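The values are calculated or read from the model by the stated rules, or taken from the named source; none is laboratory data. On a predicted model such as this, the values are computed, not experimentally measured, just so you know. Note: ideal-geometry Cβ built from the backbone for every residue, glycine included; neighbour counts use all protein chains shown. When the accessible area is computed, the model is the full protein with side chains, heavy atoms only, and any ligands, DNA or RNA have been set aside. Shrake-Rupley method; radii C 1.70, N 1.55, O 1.52, S 1.80 Å.
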Amino acid sequence: MDPLEKLLRPLTAILNRNISETTPARDLCRQLDGKTIAIRVRDTGLAMYFSIDGEVLSLASEASSDPDVILTGSLLSLARMAGPAGETSDGAAIREGAIDISGDAYTAQRFQQLLKYA
């Protein structure tokens, strides 16, 4: 197992616990079932891949297939995206170009909502 994946294991457990305790989060997981979202830190080789299977979120440092959505931004911009509602709920980081999206924008929006619940 990759060292980054070992570091992500506790985070994955927390995210999945929070998802299982929140009905809207479980609903979003079901809507995103089978999707893979890549989060890439701009100007680095760092990337995380979120895969959704039913109501379970998996994190990995590599993906077995092409992601449905790729979000790229600075570490700070990406952290703000997952921050408390209101910080980026209006999509300002995306409009301002702090975060680039390639792929399905609807999936990206649902994923952002899922992270807020998780």
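Before moving on, here are some points about what is shown:
- For the Cα trace of the chain, dividing Rg by the Kirkwood Rh returns an Rg/Rh value of 0.93.
- Fraction of accessible area attributable to carbon and sulfur, the chain (%, probe 1.4 Å): 52 percent
- Taking other residues whose beta carbon is less than 13 angstrom from the beta carbon of residue 62, and scoring Lys, Arg as +1 and Asp, Glu as -1, yields -2.
- Ordering 112, 22, 54 by the projection of their Cα atoms onto the charge dipole of the chain, which places +1 on the Cβ of Lys and Arg and -1 on the Cβ of Asp and Glu, puts 22 at the extreme positive end.
- Remark: the range 50-57, residue by residue, has Karplus-estimated 3J(HN,Hα) of 9, 10, 10, 10, x, 10, 10, 9 Hz, where x stands for each Gly or Pro and the curve is 6.51 cos²θ - 1.76 cosθ + 1.60 at θ = phi - 60°.
- Distance (nanometres) between label positions extended 7 Å along Cα→Cβ at residue 74 and residue 46: 1.3 nm
- Most mobile of 32, 11, 78 in a GNM of the chain (Cα contacts under 10 Å): 11
- Other residues with beta-carbon under 10 Å from the beta-carbon of residue 104 carry, at +1 per Lys or Arg and -1 per Asp or Glu, a net charge of +1.
- For the range 59-75, the Karplus equation 6.51 cos²θ - 1.76 cosθ + 1.60, evaluated at θ = phi - 60°, returns couplings of 10, 8, 8, 9, 10, 7, 9, 5, x, 6, 9, 10, 10, 10, x, 5, 4 Hz by residue, with Gly and Pro reported as x.
- Annotation: extensible slack from residue 55 through residue 23 equals 10.5 nm (criterion: 0.36 nm per residue apart, minus Cα-Cα distance).
- Computed over the chain: relative contact order in percent, which uses C-alpha pairs under 8 Å that are six or more apart: 28 percent
- Taking a Cβ cut-off of under 9 Å around residue 33, the surrounding Lys, Arg, Asp and Glu residues balance to a net charge of 0, with basic ones at +1 and acidic ones at -1.
- At least 20 Å along the helix axis (C-alpha) and Kyte average at least 0.0, DSSP helices within the chain: 3-20
- Solvent-free Debye calculation, one equal scatterer per alpha-carbon of the range 7-71: log10 I(q)/I(0) at 0.19, 0.21, 0.28 Å⁻¹ equals -0.73, -0.86, -1.23.
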